[in-house]
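Please read the structure below before turning to the comments.
FYI, it's all coordinate maths here, none of it is from the lab. Bear in mind that the values here come from a model prediction, so they are computed numbers and not experimental data. Cβ placement follows ideal geometry from the backbone for every residue including glycine, while neighbour counts extend to all protein chains displayed.
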Amino acid sequence: MKITLRRAIRVLLACLCTIGIAGAGAGCGSTGASGSNVVTLSFFQTKPEANEDYDKIIADFEKTHPNIKVVQNEAADAATALRALLVKDRTPDVISINPNGEMGKMAKAGVFYDFSNSPIVPRLKPAQQRILADLGHNGDEVNMLMYAGNVCGLMYNVDLFKKYNVPIPRTWKQLESAAATFESNGIAPFIGTLGDPNRVSTPFDGLAPYYEKDGFWDKMHQEGRHLTPDSPVSFSRNFKPLLQRLYWMYQHTTKDVRTMNYEDGNAAFAEGKGAMILTGNWALAPMLQTNPNLHAKFFPYPADNAKDDILVSGGDVAITMGAHPKHEKESMEFINYLFQKKIQKKFVDDQQLIPSLKDLKANANPALASAEPWIDSGKIIGYADHHIPASISYNPILNKAMLDGNLDSALNTLDNEWRKVEARTIE
């Protein structure tokens, strides 16, 4: 019997709910207020640090829409909670998510709304919206709307670069030259945080666009359960140069890289203990708390040729709703409100993110503004790790390789884990 993807997902979700996962997000609902004309919308969101911002947005929205009440429900494990609600036919009215590979799979399964005819779509930056489409969509539909983006590049200390007269590296050789200059002046070129095993994916993602070309991930799925290190495409065959460059960067970090965690790394960079740091814009807020005068910007991880450089920039927040909304009119009113220029600007400024509206600039922070030339020109690409199944613990694998230098072992492990996942995946 042939099992469709949608049928397989529903069967799997039913099983998950049976074992108790369905309890997540059980407070979400979508019902009209009893005995009144007020419609209550459930607003499912996955960004706990944005709770207060959303509360303010909701309060202001309700003032001008007295017939609509919005109840915010925040879930840490978004994929599990959302699946549980979907299978119980309790789809939230409006959904704010971190758009990753799991959400792309849901979009492919046809569980999200089609915004193709929404007037919001033409107002969005095409390159950012393309990143969402690359994650997954149902046919020709537009299933997620980019709301706020992020940056995964090399963050650099502008003042240190100026002090030692180091130009912004546009090629890998220039990056090596910059590192040599800083080391000769007693400055660590990079700050890395190998004491936190879940942070290597950031520079991995930043370098990946130069090695995942020509439909790499589609070909990996085609190899599937037959993948070996010697296959026409594999982690071992395609990504060894990436890990070699990644390892080189970690060899030119502060001496305490093996024990430094994420928080320590942010503080060290804010204090000027390194010229560059292997992180993304999400680290800006804690850095600025340590040093409000920090002058930092981003540039892409360099390519061999300057003309080939590309910036990794994904979606931090995307907006969607269920394919068959119970309160479509009221839900769209709230979504349209979210996409008002002044509302999005306040949100991205508070959250240190990149706006998705064409007529908004990320000028609240110079670090974010430095990424705009790549976003506006379309020279951005999404995160490689969104293509890696969630069941593969790739971060600890990469972290171990950066500690022991055994790159071949890490690549072989990734190939083996990929093959195992494909072997148990229903197509």
- Query: Say a site is exposed when it is one of the trypsin sites (Lys or Arg not before Pro), sits in a DSSP loop, and has at most 15 other Cβ atoms within 10 Å; what is then the longest site-free stretch of the chain?
  - Reply: 89-212
- Item | Sequence-separation-based contact order of the stretch 93-156, relative, with Cα cut under 8 Å and 6+ spacing, percent | 41 percent
- By count of other Cβ within 10 Å, fewest leading, how are Asp350, Asp304 ordered? Asp304, Asp350
- Could you line up Val94, Val233 from fewest to most neighbouring Cβ atoms inside 10 Å? Val233, Val94
- Given the candidates Gly314, Met220, Gly153, the one whose Cα lies deepest towards the positive end of the charge dipole of the chain, counting +1 at each Lys or Arg C-beta and -1 at each Asp or Glu C-beta, is Met220
- Item | When each of Lys108/Lys341; Lys63/Lys342; Lys63/Lys341 is checked by Cα-Cα distance, pairs over 25 Å | Lys108/Lys341
- Query: Treating the beta-carbon of each Lys and Arg as +1 and of each Asp and Glu as -1, no other charges, what is the dipole magnitude of the stretch 143-296 about its Cα centre, to the nearest 20 debye?
  - Reply: 300 debye
- Hey, quick one: spin label on Arg424, modelled 7 Å out along Cα-Cβ, who in the stretch 64-104 has an amide N within reach, i.e. under 19 Å? 80, 102
- Mean-square fluctuation maximum in Gaussian network of the chain, Cα pairs under 10 Å, restricted to Gly153, Gly322, Gly215, hits Gly215
- Task: Mind putting a number on the dipole of the stretch 329-427 about its Cα centre? Charges go on the C-beta only, +1 for Lys and Arg and -1 for Asp and Glu, and I need it in Debye to the nearest 20.
- Result: 380 debye
- Message: With a 10 Å cut-off between alpha carbons and a GNM built on the chain, which of Asn165, Asn281, Asn261 moves the most?
- Response: Asn165
- Query: In the stretch 309-375, what GluC sites (Glu not before Pro) fall in a loop by DSSP, with at most 16 other Cβ atoms inside 10 Å?
  - Reply: none
- Message: With n ≥ 4 as the cut-off for DSSP H runs, can you work out [θ] at 222 nm for the chain, using -39500 (n - 2.57) per run divided by the number of residues, rounded to the nearest 500?
- Response: -12000 deg cm²/dmol
- Message: Contact order normalised by length for the chain, with contacts defined as Cα pairs under 8 Å and 6 or more residues apart; what percent is it?
- Response: 24 percent
- Work out the count of Lys pairs in the stretch 192-299 where the Cα-Cα distance is under 22 Å, with the pair 8 or more places apart or on different chains. 4
- Task: Calculate, axis by axis, the spread of Cα positions in the stretch 317-384 along the three principal axes, and write the results as whole Å, longest axis first.
- Result: 41, 29, 18
- In Å and whole numbers, how far do the C-alpha atoms of the chain stretch along each principal axis, longest first? 75, 55, 36
- Query: How high is the relative contact order of the stretch 109-214, given as a whole-number percent (alpha carbon pairs under 8 Å, six or more residues apart)?
  - Reply: 20 percent
- To the nearest 0.05, the calculated FRET efficiency linking Asp214 and Lys63 through their beta-carbon distance, R0 being 41 Å, is 0.20
- Could you go through the stretch 330-337 in sequence order and give the Karplus-derived ³J(HN,Hα) for each residue, using 6.51 cos²θ - 1.76 cosθ + 1.60 with θ = phi - 60°, rounded to whole Hz, and x for Gly and Pro? 5, 5, 5, 4, 5, 5, 4, 5
